[in-house]
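What follows is one structure encoded as structure tokens, with my remarks underneath.
Just so you know, all these numbers are worked out from the coordinates, no wet-lab data involved. Since the model is a prediction, treat every value here as computed from it, not as a measurement. Because the Cβ atoms are built from the backbone with ideal geometry, glycine has one as well, and the counts that use them run over all protein chains shown.
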Amino acid sequence: MVTVAGLLGGAEGPGRDAEGQFALDLLIVADAPQLDVENGAALVEAVPDGARLVLSGDPGVLGSAGPGRVFADVLAARVCPVVASRTPDPGPIGELVSGIGIGELGQVDAPGKEVVIVPVRDAGEAVHRTVQLVADSVPRAFGLPPEAVQVITPGHGGSAGTRALNAALKDRLNPGPGRFGGFDLGDRIVHVPSPGRALPGRVVSADAEGLHLDCPGAGGRVVVAKDRVESSVRHGWALTAHQAVGSRWPAVVVVLPGDAADALSRDWVYTAFGRAERHLSVVHGVDQALPRAVAEVMPKPRTTRLTGLLRSLVAAAREQPE
């Protein structure tokens, strides 16, 4: 298992032959909805003739941070074999997320408090209740450490965005002066080495070389040079749904303050709620905007020619003489 960035950059995987193609017979890309056109094209060009390329992922999640919608376009073109799994995750969370995927936000029976709605009146209360849930309520109810609870909110700014929530959570869970470029040992972080790639992790040390992080998604230890810390490392107790795509946690707290109503869409809610494995708390301050977003607000359209190009290529190939 390697990352797309590591494979394309030559830091991970089987390497390339003299013609610049991967030395492999089969390449399976997990979380393929996150492929943008640049990385998608680079992967296809590097797969040798005769090898198989398998794109795997959930078409309901948020798309790539970069341009294009490679996975969705390949599906829409209907020019290659498709294997669809229709088995939802078990339990109340799986039932809830499956309903969201078809535009229905229904109540689910959650006898073990797998799904909890926490109504709030304003952003200040949303932050307060979120800290309470992460630091105390969820760990006590489910026997989890706070590190197993991830907060997801629609944006970075605002009175209940990631910046405000991370400041409040750090103050409660790992207070400190921010000695190392605004960070302290033990801080939860998200490392963004390139646009669209977010790696949750933790600060383990700092020295003249830079900030040392433990990022499981990058294979372990990562060192971020001092001059790169400010631009590529954020606190990570709270993430946006785009940053959380591709990861799952035992417990998730989704924060929806009143000013987040316009940012909600079906794919955003599907992605955020679907990050939870055992427990989902929804800090709910958007009233009817949530069911309306699930029922009516579809992903923003992206202008792309890929579907038509794929169909044309296949049609041309079929017209070639045997």
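Remarks
- Within a Gaussian network of the chain (alpha carbon springs, distance under 10 Å), most fluctuating of Asp58, Asp227, Asp36: Asp227
- Residues Glu114, Glu19 arranged by fewest to most Cβ contacts within 10 Å: Glu19, Glu114
- Cα gyration tensor category, rounded, prolate or oblate, for the range 61-192 with a/c compared to 1.5: oblate
- Each part reduced to its alpha carbon centroid, the range 183-246 and the range 157-181 end up 15 Å apart.
- Where the Cα pairs of the range 4-87 fall when distances are cut into 10 Å bins, in %: 16, 50, 29, 5, 0
- Computed over all pairs of different Cα atoms, the Kirkwood value for the hydrodynamic radius of the chain is 21.3 Å.
- Residue among Ala141, Ala244, Ala272 with the largest mean-square fluctuation in a Gaussian network model of the chain, springs linking Cα atoms under 10 Å: Ala141
- Once the mean of 1/r is taken over each pair of separate Cα atoms and inverted, the range 163-248 shows a Kirkwood hydrodynamic radius of 12.9 Å.
- Orientation-averaged projection of the range 270-322 equals 7.2 nm² [convex hull of Cα atoms, one quarter of hull surface area].
- When Lys113, Lys300, Lys170 are sorted by how many other C-beta atoms sit within 10 angstrom of their C-beta, beginning with the fewest, the order is Lys300, Lys113, Lys170.
- Helix-only mean residue ellipticity at 222 nm for the chain, each DSSP H run of n ≥ 4 adding -39500 (n - 2.57), per residue, nearest 500: -9000 deg cm²/dmol
- Relative contact order, whole percent, for the chain stands at 20, derived from Cα pairs under 8 Å and 6 or more residues apart.
- Dipole-positive endmost among Leu105, Gly220, Pro119 within the chain (Cβ charges, Cα centre): Pro119
- Under 24 Å from the Cα of Lys226 - lysines, other chains or at least 8 residues apart: Lys170
- Simple point charges give the picture: +1 on the Cβ of Lys and Arg, -1 on the Cβ of Asp and Glu, and for the chain a dipole about the Cα centre of about 420 debye.
- Its relative contact order, with pairs defined as Cα atoms under 8 Å and 6+ residues apart, puts the range 4-87 at 29 percent.
- Where the alpha-carbon atoms of the range 82-145 are placed on the principal axes, they occupy 45, 28, 24 Å, in descending order.
- With K and R counted +1 and D and E -1, the other residues having a Cβ less than 10 Å from that of Asn166 yield a net charge of +2.
- Charges were assigned to the Cβ only: +1 to each Lys and Arg, -1 to each Asp and Glu. The resulting dipole of the range 82-195 about its Cα centre is roughly 300 debye.
- Between Ala18, Ala206, Leu133, the Cα set farthest toward the positive side of the dipole of the chain (charges on each charged residue's Cβ, about the Cα centre) is that of Leu133.
- Since only Val294, Ala244, Ala260 are under comparison, the one whose Cα sits farthest along the positive direction of the charge dipole of the range 239-301, derived from C-beta charges on Lys, Arg, Asp and Glu, is Ala244.
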